[in-house]
Amino acid sequence: MKNAPIWILFVTASFSSGANIQGDWIAEVSAKGADPQYARVRLHVEGTSISGTWGQLTLSGTAIGDRLTLSLMRNGGAAGALSAVANGDGFSGEGRMRGGGRGGAAAENAVAIKLTRPAVPPPGGPRSLDFEPSVFYGYYSAANPPALRIFPGDTVRSRTFDASGRDNERRAPGGNLETGPFYVEGALPGDTLVVKLNRVRVNRDSARQGSRINGRTVTPAYVAAAQYDSTFDGEWKLDREKGVATLAHPTERMRNFTVPILPMLGCIATAPAGEQAYRGTDLGPFGGNMDYNRMGEGVTLYLPVFHPGGLLTMGDAHAAMGDGELTGSALETSVDVEFTVDVMPGFASAGPRLENAGYLMAMGVAGSVADSIQVATTQLAEWLKRDYKLTDSEVAVLLGAVLQYDITEMVDPQFNVVAKVPKSALKALR
């Protein structure tokens, strides 16, 4: 998680007489050469006096006539001045302050500011929504416009294409096409987006898989000596009633070979930071093509938020997959999916984490398996320290006794290893 910028400032705003400034606001502060910074603001007005909070800072000020003056404080020191005017339902202005731009927290930067009201959830509590996708994206980017705006607690039912762009008989250009983006109201950079997969079910009777081992997973000698059959058919039949997959056109030796159908989503992501854009086959701190065969029904995924709304996407469904996606493609198919979203404000880990009924799991996306192990183990250790209040020595003993690793991604631009700890081992912790 990035350290929250230290903003201590003065705001002067002009607004129409009688305007209601009390309550919650979202502040956006922009400085040249830096990504916008966001903070949740709460104002309390009593007479002409104002008090409240700006992120982790406290504020005080006055409202006299049509002028609003705010001072933000940390340890009692001021570090900037802003002026803003009423702009529709919010405020906008400019000024100078420390932090939020080039030069670090000690530098004073020219900034622009916007204050807007957060979206108000519709009455009646969390909703259950059906979303029929019509546009699919083969890349992750904040430039992709939201397909649906939802609120924390809402549940969405939708569907995804497979990696080749097929959904039953419907086809589109392939490349891990993603359903979404879903804009989660109230999610801000520095938060965590929580995605619970309530239901992931294949919605057709076929899947396709590659039939050659990826060269990154075997020795060069094996690659050179392998004699693959160019006519081997990697199509599968999916018996959804029995929950098993069989080869559609097997060789004699594989005529009785079956695998259980264990549907999963290869890709779930938030929009990557800044103006970055990644292909649908990529993965990183934002999630993406993680290809973990436990990322199915019953899993809760935690993803860092880099842009307002998070901009959640998902796709690349598999009916089943061995560890590492050895052949470069799993049993590629399409699924119906139901998920529920939530937001953890004010905290984001360095990368994706997840849990199910049995395990806490942290992902390590990196350029090598060794680096992936280090990133995953570090993420899991930090999780235990934060949520279970364990010391470094206690974490070392716990992980040294029960830690497990899954290799999830071996064939795409980055590697991915999952470090996990059984929840049964955590029950004894006080």
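The values are calculated or read from the model by the stated rules, or taken from the named source; none is laboratory data. Here the structure is a predicted model, which means the values were calculated and not measured. Using ideal geometry, Cβ is built from the backbone for each residue, glycine included, and neighbour counts are taken over all protein chains shown. Heavy atoms of the whole protein, side chains included, go into the accessibility calculation; ligands, DNA and RNA do not. Shrake-Rupley method; radii C 1.70, N 1.55, O 1.52, S 1.80 Å.
When each of the peptides 295-304, 109-118 is scored by how many other beta carbons lie within 10 Å of its residues on average, the order from highest to lowest is 295-304, 109-118.
The C-alpha atoms of the chain define a longest principal axis, and helix 369-388 lies at about 50 degrees to it.
Dividing the mean sequence gap of close Cα pairs (under 8 Å, 6+ apart) by how many residues the stretch 209-290 holds gives a relative contact order of 18 percent.
Would you kindly work out the equivalent ellipsoid of the stretch 329-386 from its C-alpha gyration tensor and give its semi-axes, the square roots of five times the eigenvalues, largest first in whole Å?
Working: eigenvalues 108, 77, 25 Å².
The equivalent ellipsoid of the stretch 329-386 has semi-axes of 23, 20, 11 Å.
Under conditions of 37 °C and 0.692 mPa s, the stretch 272-430 yields 200 µm² s⁻¹ as its translational diffusion coefficient, taking Rh as the Kirkwood radius over Cα pairs in the Stokes-Einstein equation.
Let me know the whole percent of all Cα-Cα pairs from the stretch 157-287 that are separated by more than 19 Å. Intermediate values should be presented prior to the final figure.
Details: 5535 of 8515 pairs.
Cα-Cα pairs in the stretch 157-287 separated by more than 19 Å: 65 percent.
Other residues lying with their Cβ under 14 Å from the Cβ of Pro308 contribute a combined charge of 0, Lys and Arg counting +1, Asp and Glu -1. Heavy-atom surface analysis with a 1.4 Å probe gives the chain a carbon and sulfur content of 52 percent of its accessible area. A probe of 1.4 angstrom, applied to the heavy atoms of all protein chains, finds Val120 with accessible area near 120 square angstrom. Over what distance in Å are the Cα centres of the stretch 143-187 and the stretch 38-77 separated? So the separation of the two Cα centres works out to 40 Å. Rounded to the nearest 500, the helix-only mean residue ellipticity at 222 nm of the chain stands at -3000 deg cm²/dmol, with each DSSP H run of n ≥ 4 adding -39,500 (n - 2.57).
Residues considered: Thr340, Thr327, Thr251. Largest GNM mean-square fluctuation over the chain, using C-alpha springs under 10 Å, is found at Thr251.
State whether the stretch 175-247 is rounded, prolate or oblate according to the following rule on the C-alpha gyration tensor (a ≥ b ≥ c being the square roots of its eigenvalues): a/c under 1.5 gives rounded; otherwise a/b larger than b/c gives prolate, and the remaining case gives oblate. In terms of gyration-tensor shape, oblate. Within the listed set Thr258, Thr313, Thr231, the residue fluctuating most in the Gaussian network model of the chain (springs between alpha-carbon atoms under 10 angstrom) is Thr231.
Could you give the accessible area per residue of the chain, probe 1.4 Å, as a whole number in Å²? Intermediate results must be reported in sequence, preceding the final value.
Working: 20300 Å² over 430 residues.
Result: 47 Å² per residue.
Taking Cα atoms only, the orientation of helix 392-402 departs from the longest principal axis of the chain by about 20 degrees. Building the convex hull from the alpha-carbon atoms of the chain and averaging its projection over directions returns 25.5 nm². For the residues Gly310, Gly90, Gly125, a GNM of the chain with alpha-carbon springs under 10 Å puts the largest fluctuation on Gly125.
How do Thr69, Thr48 rank by accessible surface area computed with a 1.4 Å probe, from largest to smallest?
Values: Thr69 35, Thr48 80 Å².
Accessible-area ranking of Thr69, Thr48, largest first: Thr48, Thr69.
Annotation note: trypsin sites (Lys or Arg not before Pro) in the stretch 27-67 located in DSSP loop regions with a Cβ neighbour count of at most 16 within 10 Å are Lys32.
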